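Structure first, then comments.
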Amino acid sequence: MSLLTITDLANEVAGKPILKGLSLSINAGEIHAIMGPNGAGKSTLAYTLGGRPGYDVTGGSATLDGRDLLAMAPHERAAAGLFLGFQYPVEIPGVSMVQFLREALNAQRKSRGEEPLSGGAFLKLAREKAALLKLDPDMLKRPVNVGFSGGEKKRAEMVQMGILDPKLAILDETDSGLDIDALKVCGEGINAIMRRPDKAVLLITHYQRLLDYVKPDFVHVLAGGRIVRSGGPELALELEEQGYEALVA
Amino acid sequence: MTALLPTRHEEAWRYADLAALESVWPVVPETIVLAPGEQGTRTLVIEGAAVHDITITLGEGAQFAFHVLNAAKGYGRVALRVTLARGSRFHLGAAQIAGGEQTVEIVTEVIHAEPDAVSRQVVRQVLAGQATGNYLGRVVVDRGAVGTDGEQSIRAMLLDRTATANARPELEIFADDVKCAHGCAIGELDANALFYLASRGIPPISAKALMLQAFLAEAFIGAADEERLTAAALAALETVL
C-alpha cells in the first residue's frame, strides 16, 4: 500500500511559487530517487514535507501512512515516522549527540504511547548503529555535528536514522560531500536500515553514483516544481549520459 | 542616616528598576577579603527579589570564583567591585533568566590595581516577554598594572522581540603591556537548529530548553556546584518558555 501519497502539492517560499502541482506515490518496500537540475525544487520538496517554517503550502495534499502530514507540526511528523536527512546537517554547540538523540527518541516514543528507553538500552542501540556506519562511538559524546567533517556529518545523519527507525526517510543529497569510501558506507547503511518491506526511502540526488549502492525501484525527474518524467533505474543512467536539458525540454 | 535612593543619572543605575529598588532599600553592602594566596568560591542563587552590593578584595596571588544564577522573580541585581593585587585571579560566571516585566542586572567594576592579575567574566542571559537584562561591566587597569589579562564575554538570547538586553562592557586601560578582550552578542535562538531538533521529534519547548541549557552552561563551567546551578537554571528556564 501507499506509504507516502503526494497529490498536486504546491507551495511558496518567500512569496515565490516553487512546487507547482507535484504528485508522487511511494509504496512501502520501495526506494525512489528524485533527480533534477539545480533550482528545480528538490530540497524544497524535502523541507515542505518536513514542515520547515517558511515553506508555505498553497495547495494539494500529502499523507504518510494515511495521516495528513501537512496538518502536523514538524516534531509530530517525525513521531509519525518521517525522517529528514539534511543536505547540511546543523551544528548545535553544547548539546551532545547522545543527549539530543535520546531526547528525540524518547519524545517520539512518548507521543506514540511507548515507554522511554533507559540510558543503558539507548547507549547500546546508539553504539550498534554507529558501528553499522563505521562512526567512532566516541563521536556520539561530542556536541551535535560540531567539528564533524562533511563525511562524518552525513554518516552521523544515517546513525540518527538507524536509532530513530522511521517508516519513511527523505534523504536530501546525502551523497554530497562524501568521498568514495564514505559513499559506500552510507549506501550500505541506508540499505541495512531502510530496505524493509514496511519502510520506504525517497533519495534526492544529483548523481548516479549513490544509486550504484542504493538501487532505486523508481526514478523521477523534478523540474520546474513538477515531476516531469518517471521511470525505472535506467532513467538515472540516461540522465547521467544526456543531462537534464535534453530530457526536460 | 538612610542613604538616598539612586537615580538614573548615575551610570550604574541607568537601567535599574528603581520602583522595585525602593522596597529593598537601603542595601546593606557586603565585603569579602581574601588574604594573599587564599582561595575562595561563592555561589549566589537569586530566586526572589534581591539586591546585592559586594566589594571583593583579593590579596597577592589570591583566587576567587564567583558564580551567580540571577533568576529573580522581581528585581534582581548583583553589583560587584573587585580589586586585584599582584598575580591574583578573579572569575565571574553569571547567568540571568527573566520573563514578564522583570529587570535583572549585573554591574561590575574590576580593578587590576597591580601587575599580572587575571580576570574573567562570563555572562549569559535568557530574556523573555518584556523583561530587561543588563550587564554593565568595567575593567580598569591601573597605571603600572602590566601583565594584566582581562576578559569579558557577554551574550544574551532574546526569546521574544519585546525583551531587552543592555550590555556594556568597558575597558579603562592606563598601563602598557596588557591583554584585555571583550566580546558581546545579543541574538535569538537559531531557527535552523530549532527545525533540526524538531525534525528529529523534539517538541518546540523541549528543543528551546535543550539549546538554552547549553547556552547557559557556559556560565557555570568550573563551578563547584555546577550540577545544582544547572538544575536551578533549567527550572527557571521552564518558567519563561
Review point. Within the bounds of the range B:177-192, is there any residue that is assigned to a helix (DSSP H, G or I) and within 14 Å of chain A (Cβ to nearest Cβ)?
Key: yes
Revision key, fill the gap. Within the range B:41-71, residues part of a strand (DSSP E or B), open to solvent by less than 20 Å² (accessible area, probe 1.4 Å) and not hydrophobic (A, V, I, L, M, F, W, C) come out as B:His67, B:Asn70
Check your understanding: If you go through the range A:120-141 one residue at a time, do you hit one that is within 12 Å of chain B (Cβ to nearest Cβ), touching a residue at least 40 places away in the same chain (Cβ under 8 Å) and either open to solvent by 40 Å² or more (accessible area, probe 1.4 Å) or not aliphatic (A, V, I, L, M) (or both)?
Key -> no
Exercise for review: Filter the range B:224-240 down to residues that are touching a Ser or Thr at 6+ places or on another chain (Cβ under 9 Å) and open to solvent by 10 Å² or more (accessible area, probe 1.4 Å) and give me whichever is nearest to B:Arg120 (Cα to Cα).
Suggested key: B:Ala224
Exercise for review: Name the residue, out of A:Ser25, A:Ser61, that is at pLDDT 95 or above, within 17 Å of the chain's Cα centre (by Cα), of a type in the set (Ser, Thr, Tyr) and in a strand (DSSP E or B).
Suggested key: A:Ser25
**Study point:** Residue list for the range A:64-88, restricted to those being part of a loop (DSSP other than H, G, I, E, B), out of contact with any strand residue (DSSP E or B) (no Cβ under 8 Å at 6 or more places or on another chain) and within 13 Å of chain B (Cβ to nearest Cβ)
**Key:** A:Met72, A:Ala73, A:Tyr88
Point to revise | For B:Ala209: the one exception among (1) crowded, with 17+ Cβ neighbours inside 10 Å; (2) in contact with a strand residue (DSSP E or B) (Cβ under 9 Å, 6 or more places away or on another chain); (3) aliphatic (A, V, I, L, M) | key: (2)
Practice item. Report yes if some residue within the range B:196-204 is open to solvent by less than 30 Å² (accessible area, probe 1.4 Å), at the interface with another protein chain (Cβ under 8 Å from one of its Cβ atoms) and on the phi > 0 side of the Ramachandran plot; otherwise report no. Key: yes
**Study point:** Residue list for the range B:1-27, restricted to those being in contact (Cβ under 8 Å) with a residue 12 or more places away in the chain and in contact with a strand residue (DSSP E or B) (Cβ under 9 Å, 6 or more places away or on another chain)
**Key:** B:Glu11, B:Ala12, B:Arg14, B:Tyr15, B:Ala16, B:Asp17, B:Ala20, B:Leu21, B:Val24, B:Trp25, B:Val27
Review point. If you go through the range A:47-56 one residue at a time, do you hit one that is open to solvent by 40 Å² or more (accessible area, probe 1.4 Å), at the interface with chain B (Cβ under 8 Å from one of its Cβ atoms), within 25 Å of B:Ala191 (Cα to Cα) and part of a strand (DSSP E or B)?
Key: no
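The values are calculated or read from the model by the stated rules, or taken from the named source; none is laboratory data. These numbers were taken from a predicted model, which means no experiment stands behind them. With ideal geometry, Cβ positions are generated from the backbone for all residues, glycine too; neighbour counts draw on all protein chains shown. Side chains included, ligands, DNA and RNA excluded: accessible areas come from the protein's heavy atoms. Shrake-Rupley method; radii C 1.70, N 1.55, O 1.52, S 1.80 Å.
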